[in-house]
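Heads up: the structure comes next, in structure tokens.
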Amino acid sequence: MDSGTHLVMGVALGGLALADPVVANHSMTFGAVMAGTILGSQAPDVDTVLKLRNNAIYIRHHRGITHSIPAVLLWPIGITAILSLIFQEANILHLWLWTFLAVFLHVFVDIFNAYGTQALRPFSRKWVALGVINTFDPIIFGIHCIGILLWAFDFEPVRTFTIMYLIIIAYYVIRFAVQGAVKKAVHNTIQDEDYVIVAPTMRFFNWRIAAKSKTHYYVGSAYGRTINIYDKFEIHPIPKTAIVDKALEDPNLSAFVSFSPIYRWEISELDNGLTEVRLIDLRYRSNDRYPFVAVAHIDDDLNIINSYTGWIFSEDKLQRKLQIGASE
């Protein structure tokens, strides 16, 4: 989920913590727990700072080790240790417990996004992504805001947030049902698909579709059970050449391949004598474009002159990014 949603989840969990008599009857413990749930709800996303280095590192590691099993255990300990120095009279055990729940809930809800997490590390590096909730879901965010607002107007927090979370659980169940119906509709439309990605959007009934059969890629959208296929690409294996092999070794392209489960490629000769290898993620079609790409320019001596991976919504901007990369 996005940082704003994680924040309101931390506040709501802090209010729900008042169901714990130790928290409810000790103001210092409640203050520490509220701080712990807010910090715990944000801590796993500290890897967002990797964007400051480059997109390749960010793509490879975001929601990786910071969302792993060891991290889920270590974040609460570290946060509790720091907060116990500030709130010295707080109950340490209950502070740790509610902070742990905040960290766990952060990682757990991220599993339901299309991006997913490596939540099973170190046992598996597989990305766990159920793809039923958009990274920002206005309904989930709105329900949390309503709950917090009611609490501010003196509604009983435990009852308020319990009802809120029951509603959200029901919402998740409905989302799974809708996704299942869309997948069935995709099967009825394509029929010979081997692999289907049905990804949510911010609109409840709208879904993005990317599918692969033995011979073609399909890209489209769904509104309810109505499937619209926009593009159909014949599948060709990427050539096994020295230039392609060199391009795929580049950090930007290798990060892209590790992240994207369904993409097509283009290889072209440029006017300056370089060869361009471009990988195009098919999951994110927007305004007739595919903005998530990885590009490398290679000379005849197999030197990578420049490369880039990330979101690009115009060719001019891509060329500027490549020029910046070449000058660094």
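Numerical summary
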{"quantity": "The chain - percent of accessible surface contributed by carbon and sulfur, probe 1.4 Å", "calculated": "62"}
{"quantity": "Calculated diffusion of region 77-130, Stokes-Einstein form, Kirkwood radius summed over Cα pairs, 37 °C and 0.692 mPa s, µm²/s", "calculated": "259"}
{"quantity": "Amide proton proximity set for Gly116, modelled H, under 5 Å, gap of 5+", "calculated": "none"}
{"quantity": "Derived scalar couplings ³J(HN,Hα) [region 205-213; Karplus, 6.51 cos²θ - 1.76 cosθ + 1.60; whole Hz; x for Gly, Pro]", "calculated": "8, 9, 9, 8, 10, 9, 9, 10, 10"}
{"quantity": "Region 124-236: Rg to Rh, with Rh as the Kirkwood radius over Cα pairs", "calculated": "1.13"}
{"quantity": "Cα gyration tensor shape for region 51-206, rounded if a/c is under 1.5, else prolate or oblate", "calculated": "oblate"}
{"quantity": "Distant-in-sequence amide H partners of Ile262 (H built 1.01 Å from N, under 5 Å)", "calculated": "Leu282"}
{"quantity": "On Cα atoms only, tilt of 315-327 relative to the major axis of the chain in degrees", "calculated": "90"}
{"quantity": "Two-site label geometry, Phe108 and Ile174: point separation in nm, points 7 Å out along Cα→Cβ", "calculated": "2.1"}
{"quantity": "Among Ile238, Ile133, Ile262: highest mean-square fluctuation, GNM of the chain, C-alpha pairs under 10 Å", "calculated": "Ile238"}
{"quantity": "Estimated Rh, region 103-146: Kirkwood, alpha-carbon pairs, angstrom", "calculated": "11.1"}
{"quantity": "Region 1-44, relative contact order in percent, only Cα pairs under 8 angstrom and at least six apart counted", "calculated": "49"}
{"quantity": "Relative contact order computed over the chain (Cα-Cα under 8 Å; 6+ residues apart), in percent", "calculated": "12"}
{"quantity": "Tensor-based shape of region 79-167 (alpha-carbon gyration tensor, a/c under 1.5 rounded, otherwise prolate or oblate)", "calculated": "oblate"}
{"quantity": "Backbone HN-Hα couplings from phi across region 145-152 [Karplus 6.51/-1.76/1.60, Hz, Gly and Pro as x]", "calculated": "5, 5, x, 5, 5, 4, 4, 5"}
{"quantity": "Between 0 and 90°, nearest 10: helix 92-110 axis offset from the chain longest Cα axis", "calculated": "30"}
{"quantity": "From the coordinates shown, log10 I(q)/I(0) by the Debye sum over Cα atoms at q = 0.10, 0.14 Å⁻¹ corresponds to which of (1) -0.79, -1.21; (2) -0.70, -1.13; (3) -0.64, -1.02", "calculated": "(2)"}
{"quantity": "Cα gyration tensor shape for region 189-256, rounded if a/c is under 1.5, else prolate or oblate", "calculated": "oblate"}
{"quantity": "Value of relative contact order over region 244-304, rounded to a whole percent, pairs C-alpha under 8 Å and six or more apart", "calculated": "34"}
{"quantity": "Longest to shortest principal axis, alpha-carbon extents of region 222-328, angstrom", "calculated": "51, 29, 26"}
{"quantity": "Probe 1.4 Å, accessible area per residue of region 212-328, Å²", "calculated": "55"}
{"quantity": "Long pairs among Lys51/Lys246; Lys51/Lys214; Lys126/Lys214; Lys214/Lys317; Lys183/Lys214, criterion Cα-Cα beyond 28 Å", "calculated": "Lys51/Lys214; Lys214/Lys317"}
{"quantity": "Vicinal HN-Hα couplings computed from phi for region 174-179 (Karplus, 6.51 cos²θ - 1.76 cosθ + 1.60; Hz; Gly/Pro x)", "calculated": "5, 4, 4, 5, 5, 4"}
{"quantity": "Gain upon complete extension [Leu52, Tyr115; 0.36 nm per residue less C-alpha separation]", "calculated": "20.7 nm"}
{"quantity": "Extension gain from Ile92 to His187, taking 0.36 nm per residue of separation minus the Cα-Cα distance", "calculated": "28.9 nm"}
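The values are calculated or read from the model by the stated rules, or taken from the named source; none is laboratory data. Since the model is a prediction, treat every value here as computed from it, not as a measurement. Quick reminder, even Gly has a Cβ in these numbers, built from the backbone with ideal geometry, and neighbours come from all protein chains shown. Surface areas here come from the heavy atoms of the whole protein model, side chains and all, with no ligands, DNA or RNA. Shrake-Rupley method; radii C 1.70, N 1.55, O 1.52, S 1.80 Å.
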